[in-house]
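This report concerns only the one structure given below.
Read-outs: derived from the displayed coordinates by stated rules, not from any lab. As the structure is a prediction and not an experimental result, all values here were calculated from the model. Don't worry about glycine lacking a Cβ; one is built from the backbone with ideal geometry, like all the others, and counts go over all protein chains shown.
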Amino acid sequence: MALVSLKCPNCAGDIDLDDSREFGFCMYCGSKVLVTKDVNHINIEMSVKEQRASLKPLAAAYCQKGEFDKALEMTKNLISINAADADIWRIDGVSELMKSDFPIADPPESAVRSLENSCILSGTPFKKEQMDFMIFDVVLNLAKKGDV
């Protein structure tokens, strides 16, 4: 029996699997990882809806804890799955802002674009002056929804 170290193809989390087992679970996002004889071939048995349901709260939690790089990893995956989710764009924008020197420096264009996308999708007017409020609002709203 040997341990095989892998990256979860769903969330990029580190996974150590026993090579004598047929499957395991990612401890970060809960994805079921099937191991075939070719260890480099990994199958994920999750629907898009299940992926979003498992990654969105994780991204929100990382953002709330101040782990913005990890939150951005999650949001990039989620945006590639469903770019029409305003909450995901908002988490992405807030994480980008919090990683930057904002409010001392100008906000990064990627953060502005993500927050603007969030506003467009939610039908809310976007103003750059409201970014401090948006940072507070995203954490508060996600906590109220139970996503955090």
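For Ser20 and Ala84, FRET efficiency with R0 = 25 Å and r from the beta-carbon atoms, rounded to 0.05? With a Förster radius of 25 Å, E is 0.05.
Over 20 Å between Cα atoms: which of Lys7/Lys70; Lys32/Lys99; Lys32/Lys56 fall into that group?
Numbers: Lys7/Lys70 14 Å; Lys32/Lys99 31 Å; Lys32/Lys56 17 Å.
Over 20 Å Cα-Cα: Lys32/Lys99.
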